[in-house]
Amino acid sequence: MDQLQFDDATKKELASFLEREQAHARVNDSIRNLTGMCWDKCITSTPGSRFARGEESCLSNCVERFLDTSIYIVTQVQRQQQQLLQAQGDS
Amino acid sequence: MDQLQFDDATKKELASFLEREQAHARVNDSIRNLTGMCWDKCITSTPGSRFARGEESCLSNCVERFLDTSIYIVTQVQRQQQQLLQAQGDS
Amino acid sequence: MDQLQFDDATKKELASFLEREQAHARVNDSIRNLTGMCWDKCITSTPGSRFARGEESCLSNCVERFLDTSIYIVTQVQRQQQQLLQAQGDS
Amino acid sequence: SIRSELALVNVQELINKATEKCFAKCVPKPGTSLTSSDEACLARCLDRYMEAFTVVSRTYTARISRESSQLRGAAAEI
Amino acid sequence: SIRSELALVNVQELINKATEKCFAKCVPKPGTSLTSSDEACLARCLDRYMEAFTVVSRTYTARISRESSQLRGAAAEI
Amino acid sequence: SIRSELALVNVQELINKATEKCFAKCVPKPGTSLTSSDEACLARCLDRYMEAFTVVSRTYTARISRESSQLRGAAAEI
């Protein structure tokens, strides 16, 4: 618990290291959450010695369509906000 | 990451600002959680261009009854604790 | 928010106190989570003035079997990792 | 500022929740693409989710302010 | 103290969980008020939830202490 | 190091999730012991869960790198 002293270059390097690690951790969280969600959606049979027909493609479709959905929804929100701003500018 | 020095008045102001913001964040969390929970309870049809009959009133009833439930349960817990304390005092 | 100065013995004591408390908090979290999960699995009837037949034994079996499952799965993971390491050593 | 950052986090988490709920409702069996009828469902679902948030928010806030004015009233009687 | 604050947090989270589970069980279709039969259901549900917590807690603690005494026994044999 | 600690946390949370999902699937009615058929189900379930994680991870990573190369392409056109 001693006080550490860093010079500015080290501080910057440290900050960018931490940022990269946090981005990495966020990706890991997303993949883990998507695995749980898509597992519930796609794996409905009792687990066998391999995936049942259609389960594996369901998993990758689930990830792709979820990301499509996420992009679509963010775009919708942005469009609505812009319309709101425009309407305010017009009045 | 330099050490900041505040006088006592500033410290107090800062503490009360943070407290207000935390209370605000807790209210936001509650509203978001209630929205998710009441959505699952009340919105059972495919989403249409407006709420289906009864869905909007179900949402507000859901919030009110959940808060009633929360108050009722806390009151019950307190009553039971008091009875416990009284029973200990009698023996 | 004044800076506190501790000698080494106090620092050690503090660290081990915090560690014990964190372990305690983790046990409390596990018990709360298990209660929620086993409640959903075992308590399917409307709550009565006592547990319905089989509900209480279901709850304790749920805890025991979940811990069995947890141990079994960790053992499997470790076994597979060892096989992987061995296969790498052989090649 | 701390305040606008908290507000941003709140909006982001609301959008994440809407995404999760609307994906569950509108894309029950994910196929090889998002069809235009999936997208139409998502757009309506998003509108309804935001409306639900407004209803919940309004009801919650009204209730809290009702309860705290009752508390103040009760305190004044003492 | 830290200890009693942690205990308080634990109790509060337990009560929050009980509220959530019992609301789901006893108020499936929220109406314009909490009826007396809703309240009776909630009271019984709360009692059962706390009893379930006790059963889980007892079983968990007994298992952990059984396992750790086995570990100590195994260590002694080495 | 921070990096390996984060990786460890990720693996532990993955195993916790697999345990939760496989317990739900393979032990729907917990009895007085884990039978050998429960264990066989758990072993297969764990293998499938890890395979699902690999599929999701591969799909997600490929998508992200596709999107960011598109972004770079779009930026180059300006």
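The values are calculated or read from the model by the stated rules, or taken from the named source; none is laboratory data. Every value quoted in this text rests on a predicted model; they were computed, and no experiment measured them. Positions of Cβ are generated from backbone atoms using ideal geometry, with glycine treated the same way; all protein chains shown enter the neighbour counts.
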Within the stretch B:57-91, residues farther than 18 Å from residue E:43 by Cα, touching a helix residue (DSSP H, G or I) at 6+ places or on another chain (Cβ under 6 Å) and of a type outside the set (Val, Ile, Thr) come out as B:58, B:59, B:60, B:62
Scan the stretch E:20-32 and give yes if some residue there is modelled with pLDDT of 95 or more, of a type in the set (Val, Ile, Thr) and within 16 Å of the chain's Cα centre (by Cα), otherwise no.
no
So which residues in the stretch B:60-91 are in contact with a Lys or Arg (Cβ under 8 Å, 6 or more places away or on another chain) and either modelled with pLDDT under 95 or among the hydrophobic types (A, V, I, L, M, F, W, C) (or both)?
B:62, B:63, B:67
In this structure, is residue C:20 away from chain F (no Cβ under 12 Å) and either surrounded by 15 or more Cβ atoms within 10 Å (Cβ to Cβ) or in contact (Cβ under 8 Å) with a residue 60 or more places away in the chain (or both)?
no
Do the conditions hold for residue F:39, that is, is it out of contact with any strand residue (DSSP E or B) (no Cβ under 6 Å at 6 or more places or on another chain), among the acidic types (Asp, Glu), under 28 Å from residue A:61 (Cα atoms) and surrounded by 11 or more Cβ atoms within 10 Å (Cβ to Cβ)?
no
Does residue E:52 qualify as being assigned to a helix (DSSP H, G or I), more than 9 Å from chain B (Cβ to nearest Cβ) and under 17 Å from the mean Cα position of the chain (by Cα)?
yes
Which numbered condition residue C:52 misses (of (1) under 18 Å from the mean Cα position of the chain (by Cα); (2) modelled with pLDDT of 90 or more)
(1)
Do we find that residue C:52 is farther than 17 Å from residue E:60 by Cβ and of a type outside the set (Phe, Trp, Tyr) in this structure?
yes
Applying the selection to the stretch E:5-33, what residues are within 14 Å of residue B:64 (Cβ to Cβ) and either more than 7 Å from chain B (Cβ to nearest Cβ) or out of contact with any Phe, Trp or Tyr (no Cβ under 7 Å at 6 or more places or on another chain) (or both)?
E:27, E:29, E:30, E:31, E:32, E:33
Determine, yes or no, whether residue F:58 is of a type in the set (Lys, Arg), surrounded by 15 or more Cβ atoms within 10 Å (Cβ to Cβ) and at pLDDT 95 or above.
no
Output for the stretch A:24-68, where each listed residue is basic (Lys, Arg) and over 26 Å from residue F:5 (Cβ atoms)
A:41, A:50, A:53, A:65
Which one of these does residue A:27 not meet: (1) more than 16 Å from the chain's Cα centre (by Cα); (2) more than 14 Å from chain D (Cβ to nearest Cβ); (3) among the β-branched types (Val, Ile, Thr); (4) within 30 Å of residue D:40 (Cα to Cα)?
(1)
Can you pull out the residues in the stretch E:34-48 that are more than 7 Å from every other protein chain (Cβ to nearest Cβ) and in contact with a Cys (Cβ under 7 Å, 6 or more places away or on another chain)?
E:38
Counting only residues that are exposed (fewer than 14 other Cβ atoms within 10 Å of the Cβ) and part of a loop (DSSP other than H, G, I, E, B), the stretch A:33-91 contains a total of 9
Residue C:29 assigned to a helix (DSSP H, G or I), surrounded by 11 or more Cβ atoms within 10 Å (Cβ to Cβ) and at pLDDT below 95
yes
